[in-house]
Amino acid sequence: MFSTILVANRGEIALRVARACRELGIRVVAVYSSADRDSAVVRFADESVHIGPAPSKDSYLNIPSIVEAARQTGAQAIHPGYGFLSEDPDFAEICEADGIVFIGPPAAVMQQLGDKAEARRVMGEAGLPVLPGSTGALSSAAEAQDLAEQTGYPVILKAVSGGGGRGMTVVREPAALRSAFNETRAHARAVFGDDRLYLERYVDDARHVEVQVLCDRSGSVVHLGERDCSVQRRHQKLVEESPAPNLPARVREAMWDAAVRGARAVGYVGAGTFEFVVTQDHEFYLMEINCRLQVEHPVTELVTGIDIVREQISIAAGEPLSFTQSDVRCHGVALECRVNAEDPARDFAPAPGELVEFVPPGGPFVRVDTHAYPGWRVGPHYDSLLAKTVTWAPDRSQAITRMDRALSEFKVAGPGVRTTLDFLRQTLAHPLFLTAQHTTGLVAASAAPDTPQQEVPEPTR
């Protein structure tokens, strides 16, 4: 096992990983930008290293600074959390070249699966169901138009290097495709440094269901059940739950098998997530594979009792999984609500400011993953996630009731600060959510007619 791990991230996930290290008796090194000098993980860590100014490109995406921090502190491994460098194969290769273990899948696997078009091809060959669409990156808007005619509208254009709900555009009619292609391409170039796009048929009134897998270096592959992540806005998740409600057992089991088969096909190692779109007829298709820890991993931890971060670290140290597939048992229902510093009345515009009051909820079977505290300043440089509130109960109805109670106790206040707390409670009370009939279109369909629709730039994560 490692003696020292550097956590190459910030916010709640950096603290989550640091706590897992502490429980394993591993020394924790935190890195921080100028904006995060007083962050919770810096206070918690055994040692901390300043890696640059506030902009993420100069700090949390600054590979030379992070690797040098690992060298200086004697860190044997780096945990990237989610976002930032967590799915960067170049970073993984550089770590390996420097004799530092990257806690994640091999660089070659990330390279293959990070190219969304290539991942579609590889998984299709492995027998996983994929939506009709391009077999590689599109060469032009004209090629996209020809393919859309064959596939049928609506279609969705996606950035080959995209992720986090960004770099996607739904096109519903031929007249809009050329301009959508050009705009999505420009966005992908600006955000990901890669303007390649691919196209898929878009499924309306669908659900977003994903399967968590863990794979060790000896070839053992297990799944930890599935999560429903259908409550979204602009393709970004807001509420997640496990297990997915109203999913027939045959479909659930087929998705588990598909994820395990896909992981084996590419020699996956570590924690990964296979994301599927599920139609109203319960047909499912692979959307993408995330080669990292997911934001919503706590719901799986609560229903399985398995510490996913602990397993990640052990796998990276060369140890086998501490359990087999037959040991995995899901009990009860867990929900996660992402409490963001955003203003739902302004199309979820970021609402930064200093937290004068921050009192998270408690009580039985309530977990809050957060890095915030009174006096902490929520800045404009990073994503707006304040806390993940997670509840567990024997059944879905009780889990929802417990979540509503927990959110009602959550107190957040400060000049300029707005949160999604009220919005989340309204979502939980929506008849379609209560009856598990909701789809990815729930938030858009529920928006007030007079809510201003504006483009809000997504902070880098």
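Laboratory data are not the source of any read-out in this text; all were calculated from the coordinates shown. The structure presented is a predicted model; accordingly, all values stated were derived computationally and were not measured. Glycine gets a Cβ as well: all are built from the backbone with ideal geometry, and neighbour counts include every protein chain shown.
Observations on the structure shown:
- Residue satisfying condition, being assigned to a loop (DSSP other than H, G, I, E, B) and under 23 Å from ARG43 (Cβ atoms), within set GLY375, GLY363, GLY318: GLY375
- Scanning region 9-58 for residues that are of a type in the set (Phe, Trp, Tyr) and surrounded by fewer than 17 Cβ atoms within 10 Å (Cβ to Cβ) yields nothing.
- Residue within region 328-336 that is over 20 Å from the mean Cα position of the chain (by Cα), more than 25 Å from VAL231 (Cβ to Cβ), not small (Gly, Ala, Ser) and not in a helix (DSSP H, G or I) present: yes
- The condition (being of a type in the set (Asp, Glu) and either assigned to a strand (DSSP E or B) or buried (at least 17 other Cβ atoms within 10 Å of the Cβ) (or both)) is satisfied by just one residue among GLU118, GLU149, GLU93: GLU118.
- Filter result for LEU61 (in a loop (DSSP other than H, G, I, E, B), in contact (Cβ under 8 Å) with a residue 40 or more places away in the chain and not aromatic (Phe, Trp, Tyr)): yes
- Flag: ARG178 matches the condition of being touching a helix residue (DSSP H, G or I) at 6+ places or on another chain (Cβ under 9 Å) and either among the polar types (S, T, N, Q) or in a helix (DSSP H, G or I) (or both).
- Which numbered condition ASN246 fails, given (1) in a loop (DSSP other than H, G, I, E, B); (2) buried (at least 17 other Cβ atoms within 10 Å of the Cβ); (3) of a type outside the set (Lys, Arg): (2)
- Selection count where residues are under 14 Å from TYR153 (Cα atoms) and in a loop (DSSP other than H, G, I, E, B), scope region 164-175: 2
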